[in-house]
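S.K.: Please read through the structure below; I'll follow up with questions.
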Amino acid sequence: MSGAYAVLHDPEGLLDAELPLDRAPHEALVTAVLAWKDPDLAPRNYEQIALQLTGHARAVAADVRRLAAALPKSDGRGALAEVILREADGRLSAPLQGTARCVQKRARLVQALYSRLDRLTEAVAADLTRPRTGGTPSAISGRSAGMNLNDLSSLMERRQDGGRSFERFRADPALANLRWPDDVLRDFLFDHGDHDPFVNDYGHLELSAITWTLETIPTADFHTMPTGESEAGLIEHFAQHPVHWVTVRPPQVGRYWADHGTWLRPPLLIDRRLLGPLDSGLQVVEGRTRVGVLRGRQREGLYVASARPWPGPAARRRRPPPPGG
């Protein structure tokens, strides 16, 4: 059959379920797909790639389900895996479309399932090698389930596709263990959880390990405070025209700056040691416009007060000073 070839069509992942996962080429495919800007492929080519990713996603999901079943019923990691698997089942049952967006959704799903698979593999291996005392082994209770932005990709897609309100978003079972303040949930996850530069900078963070508290920080500390590497110059961009960036916001934002010399809603900062063991100090996670306006106002001699952000983690919660303090 000169010039002919056959394509294996296995969207249910039935063959891979009995074989070791062919991980490296599929992860390379995921990386390539997520890097697309304007691929301009024919619809049938998008469909073929989506079929390939669908079959592999089902195979990875089968391994996630198997490892989750090996954990004690009270283990939070198994419960979180079940939430992610339900999200995956819903996504995989949706009809395929010959579009780049459909393919990228399947790629993000494969990425999220591999992230969960790795965590469960480590968890099961650790439990098998942990020394046991005499008697019946006790269940592991109250353990952090471990979660990062990749684990929440399906939730982000449903929020994006269905116009999901913040109230419905924050009530989703996948977020039950976070116990984050609403301002943090909104800025970190609801608004930016699927923003590519944001995911590049913070996608590896253990979200359940972060505790957010409201702190008062001297204005001078913000003069050189960095943000994520993917948007390194953004704060300075806003600092160059502080009045403009306030006027394009709702009127109450401008009034609050004029009356109190600070932001209406606190930005998010993070201890840089969470990002790398050699890092130190604080970093602006979200609220880059607000921090830029603060810098710019001070340079232009406009009224600026001490600032109240959400650092995470922080040592304690302090009472903010009165305006102008």
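The values are calculated or read from the model by the stated rules, or taken from the named source; none is laboratory data. As the structure is a computational prediction, the values presented were derived from the model and not from experiment. Cβ atoms come from the backbone with ideal geometry, glycine included; neighbour counts cover every protein chain shown.
S.K.: Given (1) surrounded by fewer than 18 Cβ atoms within 10 Å (Cβ to Cβ); (2) at pLDDT below 85; (3) closer than 16 Å to Leu155 by Cα, where does Asp191 come up short, assuming only one miss?
M.R.: (2)
S.K.: Given the options Leu268, Leu205, name the one that is surrounded by 15 or more Cβ atoms within 10 Å (Cβ to Cβ), in contact (Cβ under 8 Å) with a residue 60 or more places away in the chain and more than 25 Å from Gln298 (Cα to Cα).
M.R.: Unique residue meeting the criteria: Leu205.
S.K.: Test each condition in (1) at pLDDT 80 or above; (2) farther than 18 Å from Pro173 by Cβ for Leu128 and report the one that comes out false.
M.R.: (1)
S.K.: If I go through segment 63-80 residue by residue, how many of them are closer than 17 Å to Ser154 by Cα and either buried (at least 19 other Cβ atoms within 10 Å of the Cβ) or in contact with a strand residue (DSSP E or B) (Cβ under 8 Å, 6 or more places away or on another chain) (or both)?
M.R.: Of the residues in that region, 2 qualify.
S.K.: Same structure, new question: Run down Pro181, Pro137, Pro173 and say which single residue is surrounded by fewer than 19 Cβ atoms within 10 Å (Cβ to Cβ) and modelled with pLDDT of 85 or more.
M.R.: Pro181 is the lone residue from the list that is surrounded by fewer than 19 Cβ atoms within 10 Å (Cβ to Cβ) and modelled with pLDDT of 85 or more.
S.K.: Now for a separate question. Name the residues in segment 154-195 that are in a helix (DSSP H, G or I), free of Cβ contacts under 8 Å to residues at least 24 places away in the same chain and acidic (Asp, Glu), would you?
M.R.: Passing the criteria: Asp161, Glu167, Asp182.
S.K.: Now a separate question. Name the single residue that is nearest to Trp180 (Cα to Cα) among those in segment 207-235 being of a type in the set (A, V, I, L, M) and part of a loop (DSSP other than H, G, I, E, B).
M.R.: If we take residues in segment 207-235 being of a type in the set (A, V, I, L, M) and part of a loop (DSSP other than H, G, I, E, B), then Ile210 is nearest to Trp180 (Cα to Cα).
S.K.: Please count how many residues of segment 66-77 are touching a residue at least 60 places away in the same chain (Cβ under 8 Å) and either in a helix (DSSP H, G or I) or of a type in the set (Gly, Ala, Ser) (or both).
M.R.: 3
S.K.: Can you tell me which condition Gly98 does not meet? The list is (1) in contact with a Leu (Cβ under 8 Å, 6 or more places away or on another chain); (2) modelled with pLDDT of 85 or more, and all the others hold.
M.R.: That leaves (1) as the condition not met.
S.K.: How do the strands (runs of 3 or more DSSP E) wholly within segment 236-325 filter down when requiring 2 or more residues that are at pLDDT below 85 and either more than 18 Å from Asp221 (Cα to Cα) or touching a Leu at 6+ places or on another chain (Cβ under 6 Å) (or both): which remain?
M.R.: Here the list reads 310-312.
S.K.: Now, a different point. Checking the conditions here, which among Ala6, Ala50 is over 27 Å from the mean Cα position of the chain (by Cα) and either farther than 18 Å from Gln111 by Cα or modelled with pLDDT of 90 or more (or both)? Before you say what the answer is, go through the steps one by one.
M.R.: Details: Ala50 fails: over 27 Å from the mean Cα position of the chain (by Cα).
Step by step, each of Ala6, Ala50 is checked, and only Ala6 is over 27 Å from the mean Cα position of the chain (by Cα) and either farther than 18 Å from Gln111 by Cα or modelled with pLDDT of 90 or more (or both).
S.K.: Residue by residue through segment 78-100, note down the ones that are in a helix (DSSP H, G or I) and either hydroxyl-bearing (Ser, Thr, Tyr) or out of contact with any Ser or Thr (no Cβ under 8 Å at 6 or more places or on another chain) (or both).
M.R.: Hits for segment 78-100 are Gly78, Ala79, Leu80, Ala81, Glu82, Val83, Leu85, Arg86, Asp89, Ser93, Ala100.
S.K.: Turning to a different aspect of this structure: So, His223, is that one over 28 Å from Ser208 (Cα atoms), out of contact with any Pro (no Cβ under 9 Å at 6 or more places or on another chain) and touching a residue at least 60 places away in the same chain (Cβ under 8 Å) or not?
M.R.: yes
S.K.: For segment 273-294, which residues satisfy the criterion of being free of Cβ contacts under 8 Å to residues at least 40 places away in the same chain and either of a type in the set (A, V, I, L, M) or surrounded by fewer than 20 Cβ atoms within 10 Å (Cβ to Cβ) (or both)?
M.R.: Start the filter on segment 273-294 by keeping residues that are free of Cβ contacts under 8 Å to residues at least 40 places away in the same chain, which leaves 273, 276-280, 290.
Listed by number, the residues that qualify are Arg273, Gly276, Pro277, Leu278, Asp279, Ser280.
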